[in-house]
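These notes concern the structure reproduced below.
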Ligand code: NAP
Ligand code: 8YV
């Protein structure tokens, strides 16, 4: 059996499957991780990790025979893919298997924000329906335009579901996708001016840092709604908070934040915000499928077959 290093505690189903298929070494359980790496480093062929932890270069330096990093999650922000390529290490992630769960939470957050479901729930639980009468009227998704930033695997599934809610869909990305039936905006600012909702589902990293800045937020405007389910740093969070406080933006629904798991307290008291603790893919079914793909990628590669979902 090949030796595999597990960087962090993972779902028990993943640990069990890794234990069953490989000679595993759990870095997170080691009293002295450096001593463990010195002792077994040269035997390690594969690493199991996630996109937030990755496998830092100082650890890769101690794994001279490492040939695959199998990451849990589609985003791989903490993995330097170019460096891995230069070292001859294959990187895999878990695309597609989480797309449905992500689209579900995105539409869920949009409905929750627009129909004020968390607030109406609190109102009902507080007995206010009986004492104060019906809850205030809310907005509606039907007939509105949503601009998707990042029409990738998840973005397309969000688009299909938004259409099912009778919304008009347009999108922004670096490239037009002529075969898609949605209007393309090469300029994000122009799109932000012309939509009711902005939904961001782009990868993290330098290229998308603060893509949604003050100008974009102001273009979306006091009636506009922002949803971020991609990565926190894509939105300028302090500018978002200011815009919400000053009434320059209508509302926001957020599954991702700048410094997770820290969430700026300013959001806690805002009535026009729905908060979600980075749980887009966190269903039993999807997390199992992501873990299964982590194991199958390792197994395929270490058995001499092509990895199933390599990052290209
Ligand atoms: P994907 O298929 O690669 O789609 C990414 C999209 O983003 C592409 O359409 C790409 O279009 C666009 N894009 C990339 N860089 C851009 C830039 N600089 N400016 C504008 N658009 C850009 O990935 P996916 O599977 O849909 O996943 C997307 C991301 O969602 C992941 O990378 C991850 O960060 C996030 N995610 C979050 C959760 C969660 O729990 N909240 C779960 C899963 C994934 P162009 O190439 O044409 O620009
Ligand atoms: C996970 C994610 O929460 O896939 C991603 O990119 O952000 C989520 O599915 C996370 O990556 C698990 O480590």
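What helices (runs of 4 or more DSSP H) lie completely within the range 1-111 and have 1 or more residues being at pLDDT below 95 and not assigned by TED's automatic domain parsing to the domain that holds residue 159?
Hits in the range 1-111: 12-21.
Okay, residues lined up against (1) surrounded by 22 or more Cβ atoms within 10 Å (Cβ to Cβ); (2) more than 23 Å from residue 272 (Cβ to Cβ); (3) touching a residue at least 60 places away in the same chain (Cβ under 8 Å); (4) in contact with a helix residue (DSSP H, G or I) (Cβ under 7 Å, 6 or more places away or on another chain):
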position	(1), (2), (3), (4)
91	yes, yes, yes, yes
113	yes, no, yes, no
129	no, no, no, yes
132	no, no, no, no
141	no, no, no, yes
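Considering 78, 48, which residue is more than 11 Å from ligand 1 (Cβ to nearest atom) and surrounded by fewer than 22 Cβ atoms within 10 Å (Cβ to Cβ)?
78 is the lone residue from the list that is more than 11 Å from ligand 1 (Cβ to nearest atom) and surrounded by fewer than 22 Cβ atoms within 10 Å (Cβ to Cβ).
Restricting attention to the range 4-44, which residues are in contact (Cβ under 8 Å) with a residue 40 or more places away in the chain, surrounded by fewer than 19 Cβ atoms within 10 Å (Cβ to Cβ) and over 17 Å from residue 290 (Cα atoms)?
43, the sole residue that qualifies.
Among the residues of the range 145-152, are any without any contact (Cβ under 8 Å) to a residue 12 or more places away in the chain and touching a helix residue (DSSP H, G or I) at 6+ places or on another chain (Cβ under 8 Å)?
Looking through the range 145-152, none of the residues is without any contact (Cβ under 8 Å) to a residue 12 or more places away in the chain and touching a helix residue (DSSP H, G or I) at 6+ places or on another chain (Cβ under 8 Å).
The values are calculated or read from the model by the stated rules, or taken from the named source; none is laboratory data. No experiment lies behind these values; they were computed from the predicted model shown. Don't worry about glycine lacking a Cβ; one is built from the backbone with ideal geometry, like all the others, and counts go over all protein chains shown.
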